[in-house]
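Novice: Pasting a structure here, questions to come.
The values are calculated or read from the model by the stated rules, or taken from the named source; none is laboratory data. These numbers come from a predicted model, not from an experiment. For neighbour counting, all protein chains shown are included, and Cβ atoms are generated from backbone atoms with ideal geometry for every residue, glycine included.
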There are 2 protein chains.
Amino acid sequence: MTDRARIDDGTTESASKTINRMSEGACCEEAFPANRRISDEEIDGELSVFKALANEKRLRIIEALRDGELCACELETILDAPQSTVGTHLSRLREAGIVRTRKDGKWTYYRIADTASLQLLDLARALSESDR
Amino acid sequence: MTDRARIDDGTTESASKTINRMSEGACCEEAFPANRRISDEEIDGELSVFKALANEKRLRIIEALRDGELCACELETILDAPQSTVGTHLSRLREAGIVRTRKDGKWTYYRIADTASLQLLDLARALSESDR
DNA sequence: AGTTCGAATCGAATATTCTCGATTCGAGGA
DNA sequence: TCCTCGAATCGAGAATATTCGATTCGAACT
């Protein structure tokens, strides 16, 4: 919609310390103490993330934000959906902490909050491709 | 319910080749060609995985199966929900390829199909804990 | 001030998912 | 064979989520 200056990338916050911890030692293994009863709060946390990702339009939004931020109006074009629909999905993603916003004049730019979200999509894709 | 012999663990299939590929090089980074337009089939694949995980009872089932297989009746006790409810959730997880079954007499034992599912939960938990 | 544009939110119709009693099915016994 | 137990499935009501027109809000401009 506009060719104004963009913060192309590098502004997405790095993955959380916990996720970095997952990267040490045997890659992506034994991130948590293995045999530990899980709490309700942790289940709720996982649930809120998965609910935020369990929608086609929201997945498309995240995929579109892989290579950098986009404003809401650009996402409307990409999704080919009305403003209120896209706005609702963006609000859900923001509430879930998946995306962050930056305001510039009357435009609102969205970006991925944590690259761990993208790893999540990659893992899900690999998982779905492996069993068919 | 019963103290019959169990295949305690080691029977869950190893993560898919694609996921193993993700483990090489810089851990859990650049698993996919980076700048590549995603297809509808891939979105559908991601979506089916996330939809299967976007439910509290199903997450509890998966967490319960972390340290080995369990039969349906044991999961009914753990979830404290009626047989038909638990059975429905188990069917969904099986259809999504998240769990596999083994029949022994009149019992059906469930186990995690791919450890990548557990990594998915760990990542989601870390993500939800990082932004609060 | 008023106007316009982009975006957030409201609210109600629609669509999807969840729950769970009831039924069916299959594997062992008696 | 009949009976029982564990589990899969059906079906309908309840709960949740999605859609999107309409409204509101804020920033920029006149």
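Novice: Kindly indicate which of B:ALA116, B:ALA126, B:ALA81, B:ALA52 is touching a residue at least 24 places away in the same chain (Cβ under 8 Å), more than 11 Å from the chain's Cα centre (by Cα) and away from DNA strand D (no atom under 11 Å from the Cβ).
Specialist: B:ALA81
Novice: Can you say whether A:ARG100 is in a strand (DSSP E or B) and under 15 Å from B:SER130 (Cα atoms), as far as the supplied structure shows?
Specialist: Criteria met by A:ARG100.
Novice: Do we have any residue at all in the stretch A:38-57 that's aliphatic (A, V, I, L, M) and within 14 Å of A:ARG111 (Cα to Cα)?
Specialist: No, there is no match, as no residue in the stretch A:38-57 is aliphatic (A, V, I, L, M) and within 14 Å of A:ARG111 (Cα to Cα).
Novice: Hey, among the residues in the stretch B:81-99 that are more than 9 Å from DNA strand C (Cβ to nearest atom) and either of a type in the set (Val, Ile, Thr) or within 14 Å of another protein chain (Cβ to nearest Cβ) (or both), which one's surrounded by the fewest Cβ atoms within 10 Å (Cβ to Cβ)?
Specialist: Per the stated criteria, the residue is B:GLU95.
Novice: For residues that are part of a helix (DSSP H, G or I) and either at pLDDT below 95 or under 17 Å from A:ILE38 (Cβ atoms) (or both), tally how many sit in the stretch B:103-132.
Specialist: So the answer is 14.
Novice: Name the single residue that is surrounded by the fewest Cβ atoms within 10 Å (Cβ to Cβ) among those in the stretch A:55-78 being over 15 Å from the mean Cα position of the chain (by Cα) and in a helix (DSSP H, G or I).
Specialist: Checked the stretch A:55-78; the qualifying residue surrounded by the fewest Cβ atoms within 10 Å (Cβ to Cβ) is A:THR77.
Novice: Another question, if that's okay. One residue is enough: does the stretch A:93-101 have a residue meeting the conditions among the small types (Gly, Ala, Ser), within 11 Å of DNA strand D (Cβ to nearest atom), out of contact with any Cys (no Cβ under 9 Å at 6 or more places or on another chain) and under 19 Å from B:ASP122 (Cα atoms)?
Specialist: yes
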